[in-house]
2 protein chains.
Amino acid sequence: MSACQTTKRVPLDEIFSPRSVAVVGVSASKLAFAELVVHSLKVAKFPAIYPVNPKYQEVLGLRCYPSLLDIPGPVDHVVVNIPAESALALLDECAAKGVKSVHFFTAGFGESGDAERARLEKQMLVKAREGGFRIIGPNCVGLFVPKSRLVNHYDVPLEPGSIGFISQSGGHAQNLPSYSRARGLRFSKVVSYGNALDVDESELLDYFRDDPETEIVAAYIEGVKDGPRFLGALGRIAARKPVVLYKGGKTEAGRRAAHGHTASLTTSVAIFEALCRQVNAIQVDDLEEMIDVLVALRFLRPLPAGPGVALIGAGGGPSVLAGDGMEREGLRLPPLDAVVQAELKQNLPVAGGIFINPIDTTNMTDASAISAAMHILGRVPEIHMLVYHLGFHPIGSWGMGRFSAKSFLDPAIRAMKGAAEATGKQVLLALRPPEDLEGMKEFLAAQEAFVEAGFPVFHSMRGLARSLSRALGWSRRCALRGSAAP
Amino acid sequence: MSACQTTKRVPLDEIFSPRSVAVVGVSASKLAFAELVVHSLKVAKFPAIYPVNPKYQEVLGLRCYPSLLDIPGPVDHVVVNIPAESALALLDECAAKGVKSVHFFTAGFGESGDAERARLEKQMLVKAREGGFRIIGPNCVGLFVPKSRLVNHYDVPLEPGSIGFISQSGGHAQNLPSYSRARGLRFSKVVSYGNALDVDESELLDYFRDDPETEIVAAYIEGVKDGPRFLGALGRIAARKPVVLYKGGKTEAGRRAAHGHTASLTTSVAIFEALCRQVNAIQVDDLEEMIDVLVALRFLRPLPAGPGVALIGAGGGPSVLAGDGMEREGLRLPPLDAVVQAELKQNLPVAGGIFINPIDTTNMTDASAISAAMHILGRVPEIHMLVYHLGFHPIGSWGMGRFSAKSFLDPAIRAMKGAAEATGKQVLLALRPPEDLEGMKEFLAAQEAFVEAGFPVFHSMRGLARSLSRALGWSRRCALRGSAAP
């Protein structure tokens with residue numbers, strides 16, 4: 001292995017911008033990952049896609065080559081979906097072809113628990129070092145780099161953004177960009193790295209630290225093979241950029257799954273969490289929470305100066321729920337003094353209303369009411385942000401008109417923008433998604449308009465409160481360290 | 001007041017089955033509650049609806065009467081949406097007309113904080129006692145009794161069911177039936193009781209205890225005026241039926257909102273929670289959780305004998321997440337011995353799979369794979385239930401076909417039913433709702449089929465795990481008390 005260690009490795013930057021991609025082991029089945037990649041690369045208009053399989057002349061309208069070596073031009077990146085047994089022979093071809101990176105979707109290596117397969121994995125690494133190329137995976141979905149049109153799924157946003165995401169899980173690597181698309185999140189690079197045979201979490205974190213295209217880093221990690229090295233990398237990047245970390249395998253069952261999934265030996269949860277706190281990484285407990293925290297970090301710039309919230313919306317019961325939900329997560333709803341209450345009552349319909357923060361009045365879908373409430377509340381010094389909440393179930397179907405109609409929505413957005421500018425307090429939205437088709441049309445139209453207008457949108461009060469609490473905690477710790485939030 | 005106390009009150013059963021309803025203060029505005037009620041009663045085909053307002057000849061195609069006294073036939077129930085100032089005069093008319101119950105949507109009484117308005121409220125109670133009728137509210141949305149076609153919202157399921165719900169909040173009273181409709185929840189009676197001037201939570205709990213139509217009781221309570229009386233009623237009903245309790249106003253902000261909302265003086269959270277534990281009421285923290293627990297209680301009969309779960313679904317990362325989510329909530333994923341693992345490997349595709357509980361294989365949307373896995377796992381004694389999880393985002397759009405298609409779904413449901421019958425272990429589903437229109441169509445079709453087939457469906461692993469944990473804890477405490485679950 002000593003020879004390998006001295007070989008100069010291909011820098012990740014080159015791997016993230018291949019000029020051509022070969023997909024080896026592409027099949028004619030729409031259920032197969034390799035064909036999904038070819039389809040997705042086509043959708044993304046990637047310039048040079050080479051399907052490889054001796055069985056086919058053509059795949060999805062593209063010429064299919066019998067082997068890697070039959071491809072006429074140079075090949076930078078190879079996506080592999082062939083049986084594990086054929087991996088070493090393919091890597092010899094990769095070396096001969098002079099490729100820069102090989103991504104193995106193929107699983108059934110170390111994570112299978114089979115000693116022979118674990119040995120095979122080690123031999124693959126030797127081949128990579130000797131051949132002068134890098135390996136992504138095995139057992140993962142590989143790379144998604146919007147700027148390079150390098151994609152592994154068609155259902156992901158192609159506009160480049162500022163979030164870098166590394167994920168030991170392929171599912172999460174595809175789901176995060178897909179699920180968060182309508183919330184306005186966009187990505188610089190997403191790397192699913194599976195068993196982390198070669199390119200691993202530590203190298204990727206160091207890369208993102210220096211990557212000018214990446215401002216926020218998200219990571220899904222099941223286990224790390226070199227703890228001290230990982231902690232060093234995490235500390236270095238967290239000192240410079242916000243890092244949102246989702247550690248899978250925190251329970252016995254999760255750990256078992258993680259080991260079966262990516263051969264990860266997870267460390268003690270308590271130790272891991274303590275180390276993350278020490279370097280000021282933001283920890284989350286699932287994918288929804290990760291999305292929520294990323295939305296907060298991406299849209300609230302700078303983050304609010306404190307935990308004071310004015311809560312504005314319709315409904316007494318929902319207001320009680322929202323107030324409870326906020327304070328349970330450590331945010332604070334400052335009570336309003338008599339002067340502010342009187343001013344609210346002058347400007348809003350009184351009957352059935354609540355004027356003590358949370359604020360509830362019967363016409364809280366009316367732009368002028370929203371505007372009046374936000375202007376008044378935004379001037380209260382203890383209030384650091386304005387949260388507007390709305391459910392999308394029955395509303396819009398009777399009487400209220402459609403909140404998603406331009407005549408409702410445009411003035412509401414103008415009112416919120418105006419209040420934010422006048423008071424310097426940011427506006428956040430909690431829009432409860434519906435569970436019916438009509439409501440979903442409403443919801444999507446409204447969400448799109450709010451996100452386009454630059455507002456952070458959350459899907460539950462609990463989610464908004466929890467993620468905001470995490471982001472504010474991170475920012476407070478940055479300040480305690482004597483540095484502004486990076 | 002002594003005279004009032006001796007007056008025989010109208011029993012609630014009579015109030016829940018009125019033959020005619022007058023809606024006083026109906027307006028021509030679709031934004032007004034009173035017109036929503038008239039519309040909803042019409043949609044529900046309630047037999048005798050009398051809009052009352054001297055300004056109109058006709059409302060929504062129905063003859064509108066100048067006053068209550070002008071209505072020709074008898075009036076059992078009156079819905080009121082007139083200014084608080086006119087309340088006493090109206091109650092005199094109610095007495096003259098011989099009505100049984102008056103529901104005040106009208107707010108602006110005790111909850112307004114105004115002493116004069118609080119006095120007015122007390123006078124209303126005197127009128128009710130003297131007039132021999134009951135008051136619901138004020139400041140609430142009143143009654144929803146499917147069997148009587150007595151409704152306060154058109155967006156609620158009209159088929160009667162076995163859940164009784166009392167809610168101090170009108171919003172929650174309308175939202176719970178609406179939000180949980182597609183999950184298969186149906187209601188015997190829903191009572192929004194607002195300021196609880198006359199009919200209050202304690203009387204309602206005593207009523208539901210003896211109501212043969214009500215098997216499960218849900219309650220949203222902001223504050224109780226007579227603590228010992230409430231605790232007595234709660235203890236009596238909880239000894240006989242499962243009670244799911246959502247206490248609003250647990251934080252400072254929530255308490256403030258609750259006071260402004262229904263004039264509730266909330267008690268100490270710690271004391272309230274301890275008392276609920278003492279009587280074995282099931283406490284939840286929001287409406288979603290309440291729905292989840294009700295789904296568990298309604299569909300899992302009897303509840304699983306223990307916390308052992310076999311988790312089956314597609315995706316490594318999602319499996320890790322699901323395993324963590326389960327055990328974090330106190331459920332248990334028993335590890336599988338070598339014999340069971342070998343049996344699974346013989347029956348499922350091996351590559352990329354996890355066979356150690358959670359179970360993940362690449363074709364987990366295939367009925368025969370689902371069937372094989374469930375039959376094998378259902379025979380493991382430490383496994384008490386089978387949980388299947390599926391996301392509805394990218395699935396269905398590429399390759400996998402539509403999971404909601406009958407050709408996919410029907411065999412899957414047959415497989416699950418067959419496994420449940422063969423092994424005696426119940427099947428639960430965690431179906432992640434999508435955030436797009438296409439996915440929503442998929443999701444709704446699949447959810448409907450599963451719910452119709454009698455399966456409990458949850459929308460997140462966290463929700464499934466938390467509610468199941470609460471239901472199992474309740475059932476365990478029932479057993480400790482020496483009684484089977486009521």
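Read-outs throughout are calculated quantities, based only on the coordinates presented, and are distinct from any laboratory measurement. Source: prediction; values computed, not measured. Methodologically, a virtual Cβ is constructed for each residue, glycine included, from the backbone with ideal geometry; neighbour enumeration extends over all protein chains shown.
With helices as the sole contributors, the protein assembly as shown gives -13000 deg cm²/dmol at 222 nm; each DSSP H run of n ≥ 4 counts as -39500 (n - 2.57), and the sum is divided by every residue. By the Stokes-Einstein formula, at 0.890 mPa s and 25 °C, the range A:84-180 with its Kirkwood radius over alpha-carbon pairs has D equal to 167 µm²/s. Beta-bridge orientation, the protein assembly as shown: approximately 15 percent antiparallel, per DSSP, counting only bridges with both partners inside. Listing A:Thr251, B:Thr423 from fewest to most neighbouring C-beta atoms within 10 Å gives B:Thr423, A:Thr251.
Report the net charge of residues surrounding A:Asp436, where surrounding means a beta-carbon distance below 13 angstrom and charges are Lys +1, Arg +1, Asp -1, Glu -1.
0
For chain A, the Cβ-based charge dipole about the Cα centre amounts to some 800 debye (Lys, Arg positive; Asp, Glu negative; other atoms uncharged). Annotation: the residues B:Val244, A:Val279, B:Val59, sorted from fewest to most other C-beta atoms within 10 Å of their own C-beta, follow the order A:Val279, B:Val59, B:Val244. If you average the alpha carbon positions of the range A:112-136 and of the range A:11-66, how far apart do those two centres end up, in angstrom? Value for the Cα centre distance between the two parts: 23 Å.
Of the residues A:Gly25, A:Phe165, A:Ala87, the one whose Cα sits farthest towards the positive end of the charge dipole of chain A is A:Phe165 (charges of +1 on Lys and Arg Cβ, -1 on Asp and Glu Cβ, taken about the Cα centre). Charge tally for A:Gly232 (other residues, Cβ to Cβ under 10 Å; Lys, Arg +1; Asp, Glu -1): 0.
Computed 3J(HN,Hα) for the range A:204-213, one whole-Hz value per residue from the Karplus formula 6.51 cos²θ - 1.76 cosθ + 1.60 where θ = phi - 60°, is 5, 5, 4, 4, 4, 4, 9, 7, x, 7, glycine and proline marked x. For A:Arg63, no residue has an amide H sitting under 5 Å from its own, ignoring neighbours fewer than 5 places away on the same chain, with H placed 1.01 Å from N.
In order along the range A:463-473, the Karplus-derived 3J(HN,Hα) couplings, from 6.51 cos²θ - 1.76 cosθ + 1.60 at θ = phi - 60°, round to x, 4, 5, 5, 6, 5, 4, 5, 5, 5, x Hz, and Gly and Pro are given as x.
Charging the Cβ of each Asp and Glu at -1 and of each Lys and Arg at +1, and nothing else, the dipole of the range A:169-309 about its Cα centre rounds to 260 debye. For the range A:309-480, DSSP calls about 10 percent of its internal beta bridges antiparallel.
Between B:Leu158 and B:Ala270, residue separation times 0.36 nm minus the direct Cα-Cα distance comes to 36.5 nm. Note on A:Lys247: lysines with a C-alpha under 25 Å away, same-chain residues under 8 apart excluded, are A:Lys189, A:Lys225.
Between B:Lys345 and B:Ala305, take the C-beta separation as r, use R0 = 22 Å, and let me know the FRET efficiency to the nearest 0.05.
The calculated FRET efficiency here is 0.20.
On C-alpha positions alone, give me the angle between the axis of helix B:437-452 and the longest principal axis of chain B, in degrees, nearest 10. In chain B, helix B:437-452 runs at an angle near 90 degrees to the longest axis. Computed over the range A:41-94, the percent of Cα pairs more than 18 Å apart is 32. Amide H contacts of A:Tyr50 (H built 1.01 Å from N, in plane; Pro and chain starts excluded): A:Val21, A:Ala22, A:Val23 sit under 5 Å, all sequence-distant by 5 or more or on other chains.
Summing charges over neighbours of B:Ala296, with a neighbour being any other residue whose Cβ is under 12 Å away from its Cβ, gives +3 when K and R count +1 and D and E count -1. Residue and distance for the chain B Cβ closest to the axis that moves B onto A, in whole Å, come to B:Met440, 2. Extension gain, A:Glu85 to A:Lys55, is 9.0 nm, computed as 0.36 nm per intervening residue step minus the present C-alpha separation.
One chain, two ends: A:Ala182 and A:Ala453. Fully extended at 0.36 nm per residue, the span grows by 96.3 nm beyond their Cα-Cα distance.
Taking amide H as placed 1.01 Å from N in the peptide plane, the amide H of A:Leu428 sits under 5 Å from that of A:Leu386, A:Val387, A:Tyr388, each at least 5 places away or on another chain.
Given R0 = 60 Å, the distance between the Cβ atoms of A:Arg63 and B:Ala338 translates into a calculated FRET efficiency of 0.80. To the nearest ten degrees, helix B:170-180 and the longest principal axis of the Cα atoms of chain B are 30 degrees apart.
Between A:Arg9 and B:Val43, the simple label model (points 7 Å from Cα in the Cβ direction) yields a spacing of 6.1 nm.
Positive-end ranking of B:Gly110, B:Val156, B:Gln123 along the dipole of the range B:1-159, with charges on Cβ about the Cα centre, is headed by B:Val156.
Taken over the range A:309-480, the alpha-carbon convex hull comes to 113 cubic angstrom per residue. Among the residues of A:179-190, the average count of other protein chain beta-carbon atoms within 10 Å of the residue beta-carbon is 1.
The simple Förster model, with R0 at 35 Å and r as the Cβ-Cβ distance, assigns A:Leu480 and A:Lys122 a FRET efficiency of 0.20.
Using θ = phi - 60° in the Karplus curve 6.51 cos²θ - 1.76 cosθ + 1.60, the 3J(HN,Hα) couplings for the range A:117-122 round to 5, 5, 5, 4, 4, 4 Hz; x is entered for Gly and Pro.
Computed on chain A, with alpha-carbon pairs under 8 angstrom and 6+ residues apart, the relative contact order is 10 percent.
Bridgeable lysines around A:Lys100 (alpha carbons under 16 Å apart, same-chain partners fewer than 8 residues away excluded): A:Lys8, A:Lys127.
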